[in-house]
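Structure first, then comments.
Readers should treat all values here as calculations from the given coordinates under stated rules, not as data from a laboratory. Bear in mind that the values here come from a model prediction, so they are computed numbers and not experimental data. Here the Cβ positions follow ideal geometry from the backbone for every residue, glycine too, while neighbour counts run over all protein chains shown.
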């Protein structure tokens, strides 16, 4: 499994798995910067903010039955993953 697949399939359930997810995300950025829409910290933070506003729509469209207002470690990981490519 490559890093992209590992990130997309990584199950974030607690603080420790969130930390591992962040490490995988960082590794992906270092190895695949051309796949990232938001390459600067300013752009990435802006995308995190925007994606945080829109994530409920993602959950609804994917029929995931997740309430983004009841955020957990997995929701935080989804936001960071989405901010990687969010415009």
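Among the residues of segment 38-59, count how many are part of a loop (DSSP other than H, G, I, E, B) and out of contact with any helix residue (DSSP H, G or I) (no Cβ under 7 Å at 6 or more places or on another chain). Don't jump to the end; show me each part of the working.
Looking only at segment 38-59, we keep the residues that are part of a loop (DSSP other than H, G, I, E, B), and these are 38-40.
With out of contact with any helix residue (DSSP H, G or I) (no Cβ under 7 Å at 6 or more places or on another chain) added as a condition, the list becomes 40.
Of the residues in that region, 1 qualify.
Kindly provide the set of residues from segment 18-37 that are out of contact with any helix residue (DSSP H, G or I) (no Cβ under 7 Å at 6 or more places or on another chain) and more than 23 Å from residue 87 (Cβ to Cβ), ordered by number.
19, 20, 23
Given the criteria touching a residue at least 40 places away in the same chain (Cβ under 8 Å) and within 21 Å of residue 20 (Cα to Cα), does residue 80 qualify?
Yes.
In segment 68-87, how many residues are surrounded by 12 or more Cβ atoms within 10 Å (Cβ to Cβ) and over 12 Å from the mean Cα position of the chain (by Cα)?
3
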